[in-house]
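Notes for the one structure printed next.
The values are calculated or read from the model by the stated rules, or taken from the named source; none is laboratory data. Computed from a predicted structure; not experimentally measured. In this analysis, Cβ positions are derived from the backbone assuming ideal geometry, glycine residues included, and neighbour counts consider all displayed protein chains.
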Amino acid sequence: MKLQNRPWNLLLTRYCLLQRYMLSSTTIMERTLAILKPGIIERKIVGELLGRIERSGLDIIALKMARLSATQCQQHYAEHEGKPFYNDLVEYMSSAPVLLCVIEGVSAIAHLRRLCGATDPQQSAPGSIRGDYALEIQNNVIHASDSAQSAAREIALFFESAEIVS
């Protein structure tokens with residue numbers, strides 16, 4: 001008895017092929033950078049935040065703890081240079097260790113930014129990372145790249161290609 005001659009098996013095979021085609025033609029696998037800021041390590045909520053990222057369907061493909069130098073922070077936040085919060089942000093980000101993460105998944109950039117919530121914790125929805133854990137706008141617990149170009153630049157700033165495993 002051959003399964004391929006069964007009508008339901010043929011239908012299932014065609015359905016699976018159609019699903020694979022639809023997924024491959026409509027989804028974009030992306031990589032993005034997340035930085036869990038100094039406050040989350042001090043508050044001991046690293047596991048909760050990483051768990052939220054993973055439970056949302058994204059993959060963590062590189063992870064390391066580091067104490068960023070002021071120079072690294074200045075490079076990372078170069079687009080904000082000259083803004084009133086710039087110096088305080090650089091000082092905060094270089095004040096204690098952070099967790100650097102490369103995240104991969106379908107539409108990972110938009111997905112992670114939705115998961116994080118608005119930059120201002122007062123504007124972040126309950127259930128978002130910032131809505132639930134951020135205390136103030138500058139120390140908003142997590143950074144997430146805002147575009148594919150930013151993600152590529154930021155990932156290259158903090159990770160060697162050999163450190164990323166997908």
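Taking each residue of the range 54-78 that is touching a residue at least 40 places away in the same chain (Cβ under 8 Å) and on the phi < 0 side of the Ramachandran plot and looking for partners that are among the hydroxyl-bearing types (S, T, Y) and surrounded by fewer than 16 Cβ atoms within 10 Å (Cβ to Cβ) with beta-carbon atoms closer than 6 Å, six or more apart or interchain, yields I61/S166. Of the helices (runs of 4 or more DSSP H) that lie entirely inside the range 58-166, those containing 2 or more residues that are closer than 20 Å to E48 by Cα and at pLDDT 95 or above span 108-116.
Kindly indicate whether any position in the range 122-141 is within 27 Å of I164 (Cα to Cα), touching a residue at least 40 places away in the same chain (Cβ under 8 Å) and aromatic (F, W, Y). Within the range 122-141, none of the residues are within 27 Å of I164 (Cα to Cα), touching a residue at least 40 places away in the same chain (Cβ under 8 Å) and aromatic (F, W, Y). Being within 30 Å of A162 (Cβ to Cβ), within 19 Å of the chain's Cα centre (by Cα) and basic (K, R) is a description that applies to R55. Please verify whether G82 is on the phi < 0 side of the Ramachandran plot and not hydroxyl-bearing (S, T, Y), treating the condition exactly as stated. No; evaluated as a whole, the condition is false for this residue. Of the numbered criteria (1) touching a Phe, Trp or Tyr at 6+ places or on another chain (Cβ under 9 Å); (2) in contact (Cβ under 8 Å) with a residue 40 or more places away in the chain; (3) of a type in the set (V, I, T), the one V90 fails is (2).
Checking each residue in the range 103-121 for being buried (at least 21 other Cβ atoms within 10 Å of the Cβ), of a type in the set (G, A, S) and in contact (Cβ under 8 Å) with a residue 24 or more places away in the chain picks out G105, A108.
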